[in-house]
Amino acid sequence: MAGINTPQNPFKTNWLVRLGSVVIAAYMIYAFSIMGVSMERIAIGMEHAERLLGRMFPPNFTRWELLLNDLLESLQIAIIASAAGIVISLFVGLFAARNMMPNVISIPARVVIAICRTFHPVIIAILFVKSVGFGALAGILTLIVASIGFIAKLFAEAIEEISLKQVEAIRATGASFISVILFAVLPQVFSRFIGFSTYQLDSNLRNSTMVGLVGAGGLGGTLFSAFQRFDYDFVTAILITIIALILLGEALSNLVRRVFA
């Protein structure tokens, strides 16, 4: 009938999408071919994995004192780095918020955040190990940088999404800039900031074991040494300890959320 619009076919052929799909599929086949990925290599790898797992069990906890010391060091690295990173991120994120700061302040702050987010923690750990030597200090500095890159970025974005009506109301009373931040900005983003911080604490607990692979303290160094000695049953004990550390971090995160909920 005239005047009635015919609904469009949602399954109408889109040749551009088809062409893109063909190009992506062709590139994946090409990439697999030049990278040497094959079912034969996967089958051989599964056989090696079966022998490896056979040597990894049962786990060897005879060196439990070494595991406990490294576990405590990893925990200390994560907590210290998280606490310092959270405090620094609070200021860096505020300075990076474009609705609260002029460009002369927000742009440099965003550059700092971008630099902190540019490199993987392992690369940063290598730089700090070369700078301050092996040990926990390098791991702490590494995770502080990682914390700033994550928390400060999300905190700045959260501040940029706040309602400015409360800010204007506080300013109208003649309050100082610090009072505006404390009574108009932070109440609107505090819960999100706590969420960012607890997630970063959990992430730092995982990364505190990883940065140890390059000599930045914690369980990672012991894990790397065990692999080099082919001490696979001890490797399993270390991995179980790392799992326990992550579960502890999850419990700490849930506790913090309940306290500040």
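Remarks
- If the segment from Leu90 to Lys165 were pulled out straight at 0.36 nm per residue, it would be longer than the present Cα-Cα gap by 24.8 nm.
- Distance (nanometres) between label positions extended 7 Å along Cα→Cβ at Phe32 and Arg51: 2.7 nm
- Entry for P(r) over Cα pairs in 10 Å bins from 0, in percent (calculated from the structure that is shown) out of (i) 8, 33, 39, 19, 1, 0; (ii) 7, 28, 36, 21, 7, 1, 0, 0; (iii) 7, 20, 21, 20, 18, 10, 4, 1, 0: (iii)
- Packing, as the average of other Cβ atoms within 10 Å across residues, places the peptides 171-182, 188-199 in the order 188-199, 171-182, highest first.
- Helix-only mean residue ellipticity at 222 nm for the chain, each DSSP H run of n ≥ 4 adding -39500 (n - 2.57), per residue, nearest 500: -25000 deg cm²/dmol
- Highest mean packing comes first when the peptides 51-64, 141-154, 30-43 are listed by Cβ atoms within 10 Å, giving 141-154, 51-64, 30-43.
- Note: relative contact order over the chain, using C-alpha pairs below 8 Å and six or more positions apart, is 26 percent.
- Based on protein heavy atoms only, the chain ends up with 61 Å² per residue of surface accessible to a 1.4 Å probe.
- Region 146-261: relative contact order in percent, alpha carbon pairs under 8 Å with at least 6 residues between: 24 percent
- Each residue of region 151-162 was assigned a 3J(HN,Hα) from its phi angle through the Karplus expression (A = 6.51, B = -1.76, C = 1.60, θ = phi - 60°), giving 5, 4, 5, 5, 5, 4, 5, 5, 5, 5, 9, 6 Hz with x at Gly and Pro.
- Cβ-based net charge around Gly93, under 9 Å, with every Lys or Arg adding one and every Asp or Glu removing one: 0
- For a label point 7 Å along the Cα-to-beta-carbon line of Phe260, residues of region 149-187 with backbone N under 13 Å: 151-152, 155, 186-187
- Counted charge near Ser253, where neighbours are those whose Cβ lies closer than 14 Å (Asp, Glu -1; Lys, Arg +1): +1
- For the chain, built as a Gaussian network whose Cα springs stay under 10 Å, the top-fluctuating residue of Asn99, Asn14, Asn207: Asn14
- Residues in region 45-62 carry Karplus couplings, in order, of x, 5, 5, 5, 5, 5, 5, 4, 4, x, 7, 8, 10, x, x, 10, 9, 5 Hz; the curve used is 6.51 cos²θ - 1.76 cosθ + 1.60 with θ = phi - 60°, and Gly or Pro positions show x.
- Cα-based shape type of region 21-102, given that a ≥ b ≥ c are square roots of the gyration tensor eigenvalues and the cut on a/c is 1.5: oblate
The values are calculated or read from the model by the stated rules, or taken from the named source; none is laboratory data. Predicted model, so just to flag it, every value in this text is computed and none were measured. Positions of Cβ are backbone-derived with ideal geometry, glycine not excepted, and every protein chain shown enters the neighbour counts. The accessibility values were calculated without ligands, DNA or RNA, using every heavy atom of the protein model including side chains. Shrake-Rupley method; radii C 1.70, N 1.55, O 1.52, S 1.80 Å.
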